[in-house]
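See below for the structure under consideration.
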Amino acid sequence: MAHLHFKHIQKQYSSTDGPVIKDFNMEVEDGEFIVLVGPSGCGKSTMLKMIAGLEDVTAGEFFMNGTKMNSIPSKDRNISMVFQNYALYPHMTVFDNIAFGLKIKKTSKQDIKEKVEDAAAVLGLTDYLHRKPQSLSGGQRQRTALGRAIVRDADLLLMDEPLSNLDAMLRIKMRKEIIQLHKRLKTTTIYVTHDQTEALTMASRIAVMNQGEMMQTGTPQAVYKSPENLFTAKFIGSPAMNIFEVFFDGSELIIGSSQIPISKSAQQMLAEQGYTQQKIYFGIRPENIHPGSLHAESFNIKVRVSELLGSEYLIDGDFEGFDIGIKANTPLQPGDNLAVSFDMSHAHYFDLNSEQRIDHF
Ligand SMILES: Nc1ncnc2c1ncn2[C@@H]1O[C@H](COP(=O)(O)OP(=O)(O)OP(=O)(O)O)[C@@H](O)[C@H]1O
Ligand SMILES: [Mg+2]
């Protein structure tokens, strides 16, 4: 079992460069499946390495089950990790690859056999135990790497982009398998990815990171529905949320020659917080913009590109000089004009300077 508490964690690799992790604070309850998500270089792998004890913590404290872990050696932490570029031993069978950590710990032969066979059954590898990695598919190799991590019965499982080397189909399949595995084992897990779809589908709780800072933590639903800042709003959700710089005149949002009416409660909220006659960011997701005048007033959009998403099209166009993405059932031609209306009950507002969400208190 593992309860984690991070207090003001900082990491600086060299004195000449700035900190890579600036002020990481988080508490993780036993059994949670946390997904750390953020763009490349934001510090995700660095965080995992510090948790595993493979990198020193520059400042701050990290507690596991109440014990301060900062200077506890990696081997004494009872943490298992699947790396970004997992490596299997090519000359060893699947069985021996999975058993590797147990042999080092001098586990008895009988125990090793039981544990490896159990893990193989869970991971669907029973028929492959005698094979060597080069004769396995990508997904089977991936599961072997997972097997090696789970047989150790660690208190905490860390996974660093374990699916990045797999094709799209296999990734989706493995996502489900990992979630099912977690449901059975209930091992506290921190899973790292830069893929926001993976984060939304897998996490019991998401932690969004950007440039070494934690931007927001919450359930996938909460983070999607109420992003606390502009970064999270743009990063979570695909296709991305549309963001427009607008002027709030006290009752409507002015953008170019368009005037977008907003709800009474939004007017009141913006007015109460001093945004009357101010510029703000207005955000709306593509799925909340509809062709025609479903939501009263309609606005004109000039189409640039139509992209097939599968069952529908993503239309990229221009709205008053801003990029806009909307969904449509039919493709449109570049240069076409399209009337759309906004479902303002799903509008998001952000402060222009702090980029924080403007919300009811
Ligand atoms: N050993 C190191 N020495 C110096 N700088 C490092 C070291 N490892 C990572 N960095 C820097 O720290 C920052 C964060 O790197 P990190 O690997 O944690 O990012 P990441 O979020 O895992 O990115 P990715 O999604 O690309 O894997 C980057 O700017 C990187 O260049
Ligand atoms: Mg990384």
Using 0.36 nm times the number of residues separating Asn165 and Thr58, minus their current alpha carbon distance, what extension gain do you get? 35.4 nm
Measuring from label point to label point, each 7 Å out along Cα→Cβ, what is the Gln278 to Asp153 span in nm? 5.8
Among the aspartates and glutamates, which fall within straight-line cross-link reach of Lys173, defined as a Cα-Cα distance under 17 Å, with same-chain neighbours fewer than 8 residues apart omitted? Glu161, Asp195, Glu198
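Please compute the length gained on full extension between Asp23 and Ser251, using 0.36 nm multiplied by the number of residues separating them and subtracting their Cα-Cα distance.
The Asp23-Ser251 span can extend by a further 78.2 nm.
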Percent accessible area from carbon and sulfur atoms, the chain, protein chains only, probe 1.4 Å: 49
Kirkwood Rh in Å, taken over all unlike Cα pairs in the range 242-351: 14.3
Given a Förster distance of 45 angstrom, what is the FRET efficiency for Glu355 paired with His130, based on the Cβ-Cβ distance and rounded to 0.05? 0.20
Quick check for me: using +1 on Lys/Arg Cβ and -1 on Asp/Glu Cβ, what's the dipole size of the chain about its Cα centre, in debye to the nearest 20? 1860
Estimate the FRET efficiency between Asp318 and Ala296 by the formula 1/(1 + (r/R0)^6), using the beta-carbon distance for r and 25 Å for R0, to the nearest 0.05. 0.70
Estimate the FRET efficiency between Glu307 and Ser40 by the formula 1/(1 + (r/R0)^6), using the beta-carbon distance for r and 22 Å for R0, to the nearest 0.05. 0.40
Cα→Cβ-extended label distance, 7 Å offset, between Lys264 and His5, nm: 4.7
Inter-label distance for Thr16 and Asn65, nm, one decimal - labels placed 7 Å from Cα along Cα-to-Cβ: 4.3
Over the range 242-351, give the accessible area per residue in Å² for a 1.4 Å probe, as an integer. 47
May I ask you to list the lysines whose Cα is less than 30 Å away from that of Lys105, ignoring any residue fewer than eight positions away on the same chain? Lys44, Lys49, Lys68, Lys75, Lys113, Lys115, Lys132, Lys183, Lys186
So with the 1.4 Å probe, I'd like the accessible area per residue for the range 41-106, rounded to whole Å². 49
What would the Debye equation give as log₁₀ I(q)/I(0) for the range 319-361 at q = 0.32, 0.34 Å⁻¹, counting only Cα atoms as equal point scatterers? -1.32, -1.33
What does the helix-only formula give at 222 nm for the chain: each DSSP H stretch with n ≥ 4 adding -39500 (n - 2.57), the total divided by the residues, and the result rounded to the nearest 500 deg cm²/dmol? -8000 deg cm²/dmol
Can you give me the orientation-averaged projected area of the convex hull built on the Cα atoms of the range 15-80, in nm²? 5.2
Once the mean 1/r over all distinct Cα pairs of the chain is inverted, what Kirkwood radius in angstroms do you read off? 23.0
Taking a label point 7 Å from the Cα of Ser137 along Cα-to-Cβ, the residues of the range 177-216 whose backbone nitrogen sits under 17 Å from it are 177-178
Cα axis of helix 109-123 to longest principal axis of the chain: angle in degrees, 0 to 90, nearest 10? 30
Positive-end residue, the chain charge dipole about Cα centroid, Cβ charges, pick of Val116, Ile315, Phe244: Val116
Gap separating the Cα centres of the range 37-96 and the range 98-115, nearest whole Å: 21
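The values are calculated or read from the model by the stated rules, or taken from the named source; none is laboratory data. These figures come from a predicted structure and were not determined experimentally. When we count neighbours, we look across all protein chains shown, and the Cβ atoms used for this are built from the backbone with ideal geometry, even at glycine. Remember, those area values only see protein heavy atoms, side chains included, never the ligands or the DNA or RNA. Shrake-Rupley method; radii C 1.70, N 1.55, O 1.52, S 1.80 Å.
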